[in-house]
Amino acid sequence: MPERSNGAVLKTASPRGLVGSNPTPAASFTPKPDPTAGARLGHRLHELGYNEEALLELFDSDDYPANAVDVYVFARRLPESKLGIATRLLFLQQPVARADAERALGAGGLEALEATGLAEIGSTVIARGRISPTRELLLASDGFSEGDDDPPEYVATYTPAARLCDMLTPRPRVPRALDVGTGNGVHALLAAAHVGTAVATDINDRALAFTALNAALNELDNVETRNGSLFEPVAGEQFGLITCNAPFVVSPETRWVYRDGELPVDELSERVVREAAGHLADGGWATLAVSWVVRDVDAPNERPLDWVSEIGCDAWILSNSDSDPLDHAASWNDHLSGADLEEALDRWSAYFSELGVHRIVEGAVILNRRNGETTVREDDFDSDDLEEADDQIRRAFANRRLSDEQLLRATLAPGTSVEQTLRGGRVVSASVALDGGTFADVDVPPVLAEALAAGSPVRKRDLPVLRELADLGLLRAKA
């Protein structure tokens with residue numbers, strides 16, 4: 001499997017992604033998943049070097065555009081090279097002359113672009129959607145968000161929530177994977193690189209069309225799309241990997257398919273967790289981006305703990321953001337202003353007040369079905385400090401089975417280091433930290449730190465700390 005980057009996203013305070021000027025309103029077209037045209041267009045873009053690293057270099061930036069102003073600034077930095085023209089048209093959605101587009105994409109590439117429905121072609125070529133290089137993929141989606149003007153069937157690109165789900169997904173080689181609420185299909189396409197067949201479900205026909213088109217752009221022939229709500233299209237089926245970045249936002253809205261869902265409060269997240277467990281094959285994994293409400297501030301994870309209590313899977317509950325109702329409402333309505341924003345804040349706040357909700361948590365639940373047993377761990381993490389956690393997650397779950405004797409013989413996992421603080425020539429504190437994944441960091445007794453660093457025997461009195469290190473994936477069992 002090729003090495004992958006950690007995925008550039010639209011770096012913005014808005015969890016919706018960049019909100020800016022879109023030359024073609026979303027949902028005014030439906031992409032055409034022509035496999036031949038999609039493959040031809042994807043092949044041409046790969047020939048041009050249309051990838052994350054190249055685009056960021058052209059933009060002279062570490063991140064993709066963060067606001068509408070960036071789009072126009074970055075457009076002025078682009079050279080008139082073939083790659084610069086393709087980037088201007090397909091990523092920044094700026095119109096280009098047909099002659100320039102043909103010079104960049106070639107006659108065949110331009111015909112393929114038209115056949116996919118992603119652009120209107122006349123004397124000027126106008127992009128209807130975007131093609132974003134993401135990880136090793138090319139991802140077509142709707143254009144930049146228009147905020148409150150986005151239609152219900154809007155299909156977003158690789159958002160911060162999509163990246164969170166991606167980074168926290170184990171990557172086992174299994175026969176079948178399932179992506180629920182697939183959107184543009186990114187998680188199904190990522191899974192397709194290491195599974196036999198990836199099934200993508202969504203209630204939004206436009207999302208499924210984008211998914212099929214993206215499979216063609218990336219020349220993947222093992223992605224299957226099915227229309228329907230959540231797990232309904234796969235009734236009675238089991239999978240070795242399940243991912244879900246469904247519309248988990250807790251709100252009084254039901255407007256946007258990709259955001260709000262159709263169930264009240266956090267019931268959609270509850271349903272996703274419970275039903276995912278029922279569709280996991282033995283040994284299977286699920287990574288589910290979810291959110292939940294907090295009615296008792298002394299028991300912030302009461303809701304997800306209840307969801308995983310009797311589902312026959314080991315579970316890891318990971319909390320990313322924790323906000324009060326007003327901050328939560330503001331973050332999901334930052335596309336509004338003036339009286340519209342004030343009305344939304346008042347309405348959302350009243351909604352949470354009536355429900356007795358004090359906090360709203362967004363994060364993920366990771367499941368592993370193993371002999372019907374259930375163990376549960378809860379942790380906080382920061383999605384801004386998150387990289388691919390595949391190895392860490394699989395190691396952490398496997399470590400739950402270690403006996404005390406095995407723990408005493410365990411060694412530091414790859415990517416971990418011992419950090420010590422010296423004062424007056426002696427070690428006064430120490431920690432074990434993971435450089436990658438969730439960047440877990442655990443304080444340990446200096447004596448234990450020295451023993452782990454040297455690979456020396458450890459003391460039985462340190463078993464509780466060793467268990468903590470193991471459960472976070474910072475240790476690995478000796479063969």
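Residues are listed down the side, and each one gets a yes or a no for (1) part of a helix (DSSP H, G or I); (2) farther than 25 Å from Ile317 by Cβ:
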{"site": "Asp379", "(1), (2)": "no, no"}
{"site": "Glu388", "(1), (2)": "no, no"}
{"site": "Arg401", "(1), (2)": "no, no"}
{"site": "Leu408", "(1), (2)": "yes, yes"}
{"site": "Leu422", "(1), (2)": "no, yes"}
{"site": "Gly436", "(1), (2)": "no, no"}
{"site": "Ala449", "(1), (2)": "yes, yes"}
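Criterion first (open to solvent by 40 Å² or more (accessible area, probe 1.4 Å), out of contact with any Pro (no Cβ under 9 Å at 6 or more places or on another chain) and among the aliphatic types (A, V, I, L, M)) does Val442 satisfy it?
Working: open to solvent by 40 Å² or more (accessible area, probe 1.4 Å): no; out of contact with any Pro (no Cβ under 9 Å at 6 or more places or on another chain): yes; among the aliphatic types (A, V, I, L, M): yes.
Against the criterion (open to solvent by 40 Å² or more (accessible area, probe 1.4 Å), out of contact with any Pro (no Cβ under 9 Å at 6 or more places or on another chain) and among the aliphatic types (A, V, I, L, M)), Val442 does not qualify.
Condition first: surrounded by 22 or more Cβ atoms within 10 Å (Cβ to Cβ), in contact with a Phe, Trp or Tyr (Cβ under 8 Å, 6 or more places away or on another chain) and not in a helix (DSSP H, G or I). Can you find one or more residues in region 30-42 that meet it?
Yes, the conditions are met somewhere in region 30-42.
Can you work out which of the residues in region 291-306 that are of a type in the set (A, V, I, L, M) and more than 19 Å from Tyr351 (Cβ to Cβ) is least open to solvent (accessible area, probe 1.4 Å)? Spell out how you get there, then give the answer.
The first filter runs over region 291-306 and keeps only residues of a type in the set (A, V, I, L, M), leaving 293-294, 297, 299, 305.
Narrowing the set further to residues that are more than 19 Å from Tyr351 (Cβ to Cβ) leaves 299, 305.
Numbers: Ala299: 34, Leu305: 61 Å².
So the residue we want is Ala299.
Looking only at residues that are open to solvent by 40 Å² or more (accessible area, probe 1.4 Å) and outside any loop (DSSP other than H, G, I, E, B) in region 424-434, which one is nearest to Asp380 (Cα to Cα)? Spell out the reasoning first.
Narrowing region 424-434 to residues open to solvent by 40 Å² or more (accessible area, probe 1.4 Å): 424-426, 428-429.
Going one step further and asking which of them are outside any loop (DSSP other than H, G, I, E, B), we end up with 426, 428-429.
On the way: Arg426: 32, Val428: 26, Ser429: 23 Å.
Looking at residues that are open to solvent by 40 Å² or more (accessible area, probe 1.4 Å) and outside any loop (DSSP other than H, G, I, E, B), I get Ser429.
In this structure, does Arg347 turn out to be among the charged types (D, E, K, R), free of Cβ contacts under 8 Å to residues at least 60 places away in the same chain and open to solvent by 70 Å² or more (accessible area, probe 1.4 Å)? Even if it seems obvious, please write down each step before you answer.
Numbers: among the charged types (D, E, K, R): yes; free of Cβ contacts under 8 Å to residues at least 60 places away in the same chain: no; open to solvent by 70 Å² or more (accessible area, probe 1.4 Å): yes.
No; evaluated as a whole, the condition is false for this residue.
Regarding Ala329, is this residue part of a helix (DSSP H, G or I) and open to solvent by less than 50 Å² (accessible area, probe 1.4 Å)? Spell out how you get there, then give the answer.
Working: part of a helix (DSSP H, G or I): yes; open to solvent by less than 50 Å² (accessible area, probe 1.4 Å): yes.
It is true that Ala329 is part of a helix (DSSP H, G or I) and open to solvent by less than 50 Å² (accessible area, probe 1.4 Å).
Taking Leu318 as the residue in question, decide whether it is among the hydrophobic types (A, V, I, L, M, F, W, C), in contact with a Leu (Cβ under 9 Å, 6 or more places away or on another chain) and more than 30 Å from Val442 (Cβ to Cβ). Before you say what the answer is, go through the steps one by one.
Numbers: among the hydrophobic types (A, V, I, L, M, F, W, C): yes; in contact with a Leu (Cβ under 9 Å, 6 or more places away or on another chain): yes; more than 30 Å from Val442 (Cβ to Cβ): no.
So Leu318 does not fit the description; no.
How do the strands (runs of 3 or more DSSP E) wholly within region 58-140 filter down when requiring 2 or more residues that are under 16 Å from Glu47 (Cβ atoms) and open to solvent by less than 10 Å² (accessible area, probe 1.4 Å): which remain? Talk me through it step by step, then tell me what you get.
Values: elements: 119-121, 124-127, 129-134.
Once the strands (runs of 3 or more DSSP E) in region 58-140 are filtered for at least 2 residues that are under 16 Å from Glu47 (Cβ atoms) and open to solvent by less than 10 Å² (accessible area, probe 1.4 Å), what remains is 129-134.
Just one of (1) at pLDDT 90 or above; (2) in contact with an Asp or Glu (Cβ under 7 Å, 6 or more places away or on another chain); (3) surrounded by fewer than 18 Cβ atoms within 10 Å (Cβ to Cβ) trips up Ser309, so point out which.
(2)
Scan region 168-188 and tell me whether some residue there is of a type in the set (Lys, Arg), surrounded by 20 or more Cβ atoms within 10 Å (Cβ to Cβ), assigned to a loop (DSSP other than H, G, I, E, B) and in contact with a strand residue (DSSP E or B) (Cβ under 9 Å, 6 or more places away or on another chain). I'd like the intermediate steps shown before the answer.
As a first pass, look at region 168-188 and keep what is of a type in the set (Lys, Arg): 171, 173, 176.
In the following step, the residues that additionally are surrounded by 20 or more Cβ atoms within 10 Å (Cβ to Cβ) were identified as 171, 176.
From what is left, the residues that are assigned to a loop (DSSP other than H, G, I, E, B) are 171.
Add one more test, that the residue is in contact with a strand residue (DSSP E or B) (Cβ under 9 Å, 6 or more places away or on another chain), and what stays is 171.
There is at least one residue in region 168-188 that is of a type in the set (Lys, Arg), surrounded by 20 or more Cβ atoms within 10 Å (Cβ to Cβ), assigned to a loop (DSSP other than H, G, I, E, B) and in contact with a strand residue (DSSP E or B) (Cβ under 9 Å, 6 or more places away or on another chain).
For Asp334, are the conditions met, namely being outside any helix (DSSP H, G or I), out of contact with any Cys (no Cβ under 7 Å at 6 or more places or on another chain) and farther than 20 Å from Thr287 by Cα?
Values: outside any helix (DSSP H, G or I): yes; out of contact with any Cys (no Cβ under 7 Å at 6 or more places or on another chain): yes; farther than 20 Å from Thr287 by Cα: yes.
So Asp334 passes the test.
For Asp324, are the conditions met, namely being within 26 Å of the chain's Cα centre (by Cα) and free of Cβ contacts under 8 Å to residues at least 60 places away in the same chain?
Yes.
Kindly indicate which of Tyr72, Tyr64, Tyr50 is free of Cβ contacts under 8 Å to residues at least 12 places away in the same chain, at negative phi and touching a Ser or Thr at 6+ places or on another chain (Cβ under 9 Å). Before you say what the answer is, go through the steps one by one.
Numbers: Tyr64 fails: free of Cβ contacts under 8 Å to residues at least 12 places away in the same chain; Tyr50 fails: free of Cβ contacts under 8 Å to residues at least 12 places away in the same chain.
Testing whether each residue is free of Cβ contacts under 8 Å to residues at least 12 places away in the same chain, at negative phi and touching a Ser or Thr at 6+ places or on another chain (Cβ under 9 Å) leaves just Tyr72.
Among the listed residues Gly106, Gly122, identify the single one that is touching a residue at least 40 places away in the same chain (Cβ under 8 Å), farther than 28 Å from Ser269 by Cβ and over 29 Å from the mean Cα position of the chain (by Cα).
Working: Gly122 fails: touching a residue at least 40 places away in the same chain (Cβ under 8 Å).
Within the list Gly106, Gly122, the selection yields Gly106.
Quick grid of which residues meet (1) modelled with pLDDT under 95; (2) within 19 Å of the chain's Cα centre (by Cα); (3) within 17 Å of Ala286 (Cα to Cα); (4) assigned to a loop (DSSP other than H, G, I, E, B):
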{"position": "Pro152", "(1), (2), (3), (4)": "yes, no, no, yes"}
{"position": "Ala216", "(1), (2), (3), (4)": "no, no, no, no"}
{"position": "Leu230", "(1), (2), (3), (4)": "yes, yes, yes, yes"}
{"position": "Gly240", "(1), (2), (3), (4)": "no, yes, yes, no"}
{"position": "Thr243", "(1), (2), (3), (4)": "no, yes, yes, no"}
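From Ala453, Ala449, which residue is surrounded by fewer than 17 Cβ atoms within 10 Å (Cβ to Cβ), in contact (Cβ under 8 Å) with a residue 24 or more places away in the chain and within 35 Å of the chain's Cα centre (by Cα)?
Numbers: Ala449 fails: surrounded by fewer than 17 Cβ atoms within 10 Å (Cβ to Cβ).
One residue alone meets the criteria, Ala453.
Could you grab me the full set of residues in region 293-325 that are in contact with a helix residue (DSSP H, G or I) (Cβ under 8 Å, 6 or more places away or on another chain), assigned to a loop (DSSP other than H, G, I, E, B) and more than 13 Å from Val357 (Cα to Cα)?
Across region 293-325, the qualifying residues are Ile311, Gly312, Cys313.
Go through the residues of region 393-415 one by one and say whether even a single one is surrounded by fewer than 19 Cβ atoms within 10 Å (Cβ to Cβ), of a type in the set (Gly, Ala, Ser) and at pLDDT below 90.
Pass one, region 393-415, residues surrounded by fewer than 19 Cβ atoms within 10 Å (Cβ to Cβ): 394, 398, 400-401, 403-406, 408-409, 411-412, 414-415.
Of the ones still in play, those that are also of a type in the set (Gly, Ala, Ser) are 398, 403, 415.
Those left that are additionally at pLDDT below 90: none.
Taking every residue of region 393-415 in turn, none turns out to be surrounded by fewer than 19 Cβ atoms within 10 Å (Cβ to Cβ), of a type in the set (Gly, Ala, Ser) and at pLDDT below 90.
The values are calculated or read from the model by the stated rules, or taken from the named source; none is laboratory data. Model, not experiment: these values are computed from the prediction. Reconstructed Cβ throughout: ideal geometry from the backbone, glycine too, with neighbour counts over all protein chains shown. In case anyone asks, the SASA skips ligands and DNA or RNA and just uses the protein heavy atoms, side chains included. Shrake-Rupley method; radii C 1.70, N 1.55, O 1.52, S 1.80 Å.
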